[in-house]
Amino acid sequence: MNREATKKGLTVTLVAAFAVGAIWLGGDSASAQGKPSYGCSPGFDFHLTTAEAAELPKSQKAIADGLVTLDDLIAIYQTRVDKNGNDMVCVQEPPGWSKNAQTPLVEYFYNFVDDASSSPNGP
């Protein structure tokens, strides 16, 4: 395998790992606990299909910069985020993150969770 292919493969792996890491840091979704789904929790900016999530500006920047393909992003969102299988996810700009942050590749990140939050008014 040549050096360029190895570098590109490593970059795609890093982008996917950061996306999955952000999901894991958010904890288990309510759907995994058997709670009803009521959409996105307060504070999330978007309630989108996985294809719409791949069209967001930061996702498009990652595609344009050659870090990942559109199909790969949609597949990641469907398999790693959309736990209830309804093709909908909640998306948030990570609070406090900026282009000057020390986190590598921060300009490509959103906070993604499944749209399976519990109602704030009961089970």
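Among the residues of the stretch 79-98, how many are without any contact (Cβ under 8 Å) to a residue 24 or more places away in the chain, within 18 Å of Asp114 (Cβ to Cβ) and assigned to a loop (DSSP other than H, G, I, E, B)? Looking only at that region, the number is 1.
Of the set (1) at pLDDT 75 or above; (2) surrounded by 13 or more Cβ atoms within 10 Å (Cβ to Cβ), all apply to Trp97 but (1).
Cβ-Cβ distances below 7 Å connect the following pairs, each with a first residue in the stretch 54-78 that is closer than 22 Å to Asp115 by Cα, a second residue that is among the polar types (S, T, N, Q) and surrounded by 15 or more Cβ atoms within 10 Å (Cβ to Cβ), and a separation of six or more residues or different chains: Leu73/Ser59; Ile74/Thr50; Tyr77/Thr50; Gln78/Thr50.
The values are calculated or read from the model by the stated rules, or taken from the named source; none is laboratory data. Treat the numbers as computed from the prediction; the structure is a model and nothing was measured. All Cβ positions, even for glycine, are placed from backbone atoms using ideal geometry, and neighbour counts span all protein chains on display.
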